[in-house]
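Laboratory data are not the source of any read-out in this text; all were calculated from the coordinates shown. Computed from a prediction, not measured in an experiment: that's the story for all the values here. Methodologically, a virtual Cβ is constructed for each residue, glycine included, from the backbone with ideal geometry; neighbour enumeration extends over all protein chains shown.
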Amino acid sequence: MLDAPAPARSAGRRSTDNVNVREFTPLINPRQLAEEYPASDAAQATVENGREQIKAALAGEDDRLLCVVGPCSIHDEQAALEYAGKLRAVADATEDRLLIVMRVYFEKPRTTVGWKGLISDPGLNEQFDMAEGLRKARRILLEIAELGLPTATEMLEPITPQYIADLIALASIGARTTESPCHRQMSSGLSMPVGYKNGTDGSLQTALNAMTAARAGHSFLGIDPHGQTCVVHTAGNPWGHLILRGGNNGPNYDAESIKQAIAGLENGGLPPRFLVDCSHANSGKDPLRQPAVWNDVLSQRLGGAGSPPNPSILGMMLESNLFEGAQSLTPDPADLKYGVSVTDGCLGWDATEKLLRETHAKLSSGKV
Ligand SMILES: O=C[C@H](O)[C@H](O)COP(=O)(O)O
Ligand SMILES: C=C(OP(=O)(O)O)C(=O)O
């Protein structure tokens, strides 16, 4: 019998190693990136104030409505900054009632395959120049923080936080990773409050378990600011909170689902405060349904018509971009429409501004 041909391998490589790896590309380390784009005093002040205000809301000490608003994903620096400028103006005008934080999402967890976000593929051309992706992400976060607007992002790759977390006020763990021990451990060391989405199957327990896990300290494998692999020992992050995003069986922002969420949090010994994501399964992925979801949740928070107010509802999340809808990626990224999402459909800016200003008016008058 003939022997099977030996697999091709380079000198010194063991045949059992990295069988399915095509290549390793060295990457800039977090310290080098921070030296290229150092956090200015103004940016640090935005992040620190943003984190403190969000913590006060989570602790029930700031009764403003927490509004996490912005694109499903950032793919264009200019559009992101234009959006941030508009949102900053509304945040200033409504700050007595609304605590506005911009969604600045650079990492997209896909159900199967698809564009994974600006850090993974900044050229939108499958070149995966992640050093450039991290540079762009850090630069965008810095510019938005210098505008005075706090930012929120999803933390997906466990080594990303070392590169950008100093510029972020609020993090979230997505529905696809809330059950992942790696993400819970990572969250236990993050410097900002972290929201945990319920699972894609609608499971609340998955997020409650994540909150409990991340409140504890952990020791796990990671990198330090020099990019050195190391054992990371964390203190635990007490600022976890639930985000209701609906699930495969439908939305979970109705009064009964919210009652169950509060009971689940209380039974788990967790603070009974949470956000409602108006997008994803809560809008049936129809971006134009988001205002109806938002207003329903706002009514529940304010109470009225025989229902008591519900201060457990901290606020809402909204997927919004300069222009409504979504578009598919094009072979030449220059052909993309400006200001339109390349991931989930979004509400457009005009409708977003209207919703935020109407919300401010309702909160000011106390009338839904
Ligand atoms: O918010 C973004 C998407 O809902 C998430 O990344 C999943 O997207 P997909 O189902 O299109 O992969
Ligand atoms: C991916 C997201 O949401 P979810 O994890 O709820 O699907 C998101 O908010 O961008």
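Just a few scattered comments:
- Restricting Gly133, Gly123, Gly117 to residues that are in a helix (DSSP H, G or I), closer than 20 Å to Ala80 by Cα and among the small types (Gly, Ala, Ser) narrows the list to Gly133.
- Only one of the numbered conditions (1) within 15 Å of ligand 1 (Cβ to nearest atom); (2) in contact (Cβ under 8 Å) with a residue 60 or more places away in the chain is not met by Thr178, and that is (2).
- Residue match in region 85-101 (condition: under 27 Å from Ala213 (Cα atoms), within 16 Å of ligand 1 (Cβ to nearest atom), of a type in the set (A, V, I, L, M, F, W, C) and touching a strand residue (DSSP E or B) at 6+ places or on another chain (Cβ under 6 Å)): no
- Of residues in region 96-125 being over 16 Å from the mean Cα position of the chain (by Cα) and within 21 Å of Tyr163 (Cβ to Cβ), the one surrounded by the most Cβ atoms within 10 Å (Cβ to Cβ): Pro122
- Of the numbered criteria (1) farther than 30 Å from Pro122 by Cα; (2) in a helix (DSSP H, G or I), the one Asp63 fails is (2).
- Checking each residue in region 285-322 for being in contact with an Asp or Glu (Cβ under 9 Å, 6 or more places away or on another chain), surrounded by fewer than 24 Cβ atoms within 10 Å (Cβ to Cβ) and among the acidic types (Asp, Glu) picks out only Asp296.
- Looking only at region 113-143, and only at residues there that are more than 16 Å from ligand 2 (Cβ to nearest atom) and of a type in the set (Gly, Ala, Ser), the one that is nearest to Leu27 (Cα to Cα): Ala131
- Candidate set: region 259-284, residues that are surrounded by fewer than 17 Cβ atoms within 10 Å (Cβ to Cβ) and among the charged types (D, E, K, R); chosen: the one nearest to ligand 2 (Cβ to nearest atom): Lys259
- Every pair of residues 6+ apart whose Cβ atoms lie under 7 Å, when the first sits in region 191-208 and is within 15 Å of ligand 1 (Cβ to nearest atom) while the second is among the charged types (D, E, K, R) and not in a strand (DSSP E or B): Lys197/Arg245; Asn198/Arg245; Gly199/Glu179; Thr200/Arg176
- Taken over region 62-115, the residue count meeting the criterion of being in contact with a Cys (Cβ under 6 Å, 6 or more places away or on another chain) and among the β-branched types (Val, Ile, Thr) is 1.
One line per residue, one yes/no per condition, for (1) away from ligand 1 (no atom under 16 Å from the Cβ); (2) without any contact (Cβ under 8 Å) to a residue 40 or more places away in the chain; (3) surrounded by 24 or more Cβ atoms within 10 Å (Cβ to Cβ); (4) assigned to a helix (DSSP H, G or I):
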{"residue": "Arg139", "(1), (2), (3), (4)": "yes, no, no, yes"}
{"residue": "Leu142", "(1), (2), (3), (4)": "yes, no, no, yes"}
{"residue": "Ala145", "(1), (2), (3), (4)": "yes, no, yes, yes"}
{"residue": "Tyr163", "(1), (2), (3), (4)": "yes, no, yes, yes"}
{"residue": "Arg184", "(1), (2), (3), (4)": "yes, yes, yes, yes"}
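- So Ile74, is it crowded, with 22+ Cβ neighbours inside 10 Å and either closer than 16 Å to Ser364 by Cβ or within 13 Å of ligand 1 (Cβ to nearest atom) (or both): yes
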